[in-house]
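Encoded as structure tokens, the structure appears first; notes follow it.
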Amino acid sequence: MAESPIEQALSIHQSGDLDAAEQAYLDILMDDSRNAEALKLIGLLACQRGKLEDGLNYLEAAIEVDDSVAEYHFALAHGYLASGKIDEGIASLARAGEIDPSRADVYGTLGDTYQKVLNFPEALRMYQHAMTVDAANINYRIGAGLSAIFSGQHDIAAEYLEQAAVERDDVPQVYYGLALIKAEAGDNKSAHDLMSKAVALDAANPEYLRLLSEYASA
């Protein structure tokens, strides 16, 4: 079966020929200015090229055509976040999650976003939701563990991070989080040992080095 014009344009995009892909999308839109998929894809391409304002305009246009597709809201959210429009990005992610609650990546991205703006209780809630959809994703477990620490829920944090440590032994954030929990409990020796593991995996991290020195002198 021959590829459709949108499939052909996407193949060009995926090949890395962005100029040709842009022209292919524009050709589709010339014939059908309300082709939501073409609007989404050319919006993603514009964001990929750093033309965020153009990208947002295309992505918003795609949603004006069809508000019912979670992927369109997810793509728009990434455009908003890349532009520093955090509130708009969160709203778009929330809408994507409403449309398709099975999208673990939507809730994981919400967790990442809330963590960046230091809303740790909400970040924890989003990571936990993501884990109900994709229990095997260790990144959600680590995110939940770190968010739980900064939400003051150390028992929950320890459970998540200890599970992650069993699954993988090469993630410095796991040892960092466990070290914070031990230090909070007054066990500086264990905290120092755990932070040493974090530093061994990420020796250039200034926060890890600072805490390693702090725990050594405590």
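Quick notes
- Evaluation of residue 28 against (1) of a type outside the set (Ser, Thr, Tyr); (2) closer than 28 Å to residue 123 by Cα; (3) in contact with a Pro (Cβ under 7 Å, 6 or more places away or on another chain) (one fails), failing number: (2)
Residues are listed down the side, and each one gets a yes or a no for (1) closer than 28 Å to residue 217 by Cβ; (2) assigned to a helix (DSSP H, G or I); (3) more than 18 Å from the chain's Cα centre (by Cα):
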site	(1), (2), (3)
130	no, yes, no
160	no, yes, yes
163	no, yes, yes
178	yes, yes, yes
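- Among the residues listed as 116, 182, 189, the single one being of a type in the set (D, E, K, R), more than 24 Å from residue 69 (Cα to Cα) and crowded, with 20+ Cβ neighbours inside 10 Å: 182
- Filter pass, residue 130 being of a type in the set (Gly, Ala, Ser), more than 19 Å from residue 109 (Cα to Cα) and in contact (Cβ under 8 Å) with a residue 24 or more places away in the chain: no
- Among (1) in a helix (DSSP H, G or I); (2) free of Cβ contacts under 8 Å to residues at least 12 places away in the same chain, the one test that residue 50 misses: (1)
- For residue 152, the conditions (1) assigned to a helix (DSSP H, G or I); (2) without any contact (Cβ under 8 Å) to a residue 24 or more places away in the chain; (3) surrounded by fewer than 17 Cβ atoms within 10 Å (Cβ to Cβ); (4) of a type outside the set (A, V, I, L, M, F, W, C) all hold with the exception of (1).
- Number of positions in segment 1-60 that are among the basic types (Lys, Arg) and loosely packed, with under 14 Cβ neighbours inside 10 Å: 2
- Number of the condition not met by residue 135 [criteria: (1) surrounded by fewer than 17 Cβ atoms within 10 Å (Cβ to Cβ); (2) closer than 21 Å to residue 215 by Cβ]: (2)
- Test for residue 209: is it over 30 Å from residue 97 (Cα atoms), of a type in the set (A, V, I, L, M), without any contact (Cβ under 8 Å) to a residue 12 or more places away in the chain and in a helix (DSSP H, G or I): yes
- Residues in segment 201-217 that are surrounded by 12 or more Cβ atoms within 10 Å (Cβ to Cβ) and of a type outside the set (Ser, Thr, Tyr): 201, 202, 205, 209, 211, 212, 214, 216.
Every number here is computed from the coordinates shown, using simple stated rules; none is lab data. Computed from a predicted structure; not experimentally measured. Glycine gets a Cβ as well: all are built from the backbone with ideal geometry, and neighbour counts include every protein chain shown.
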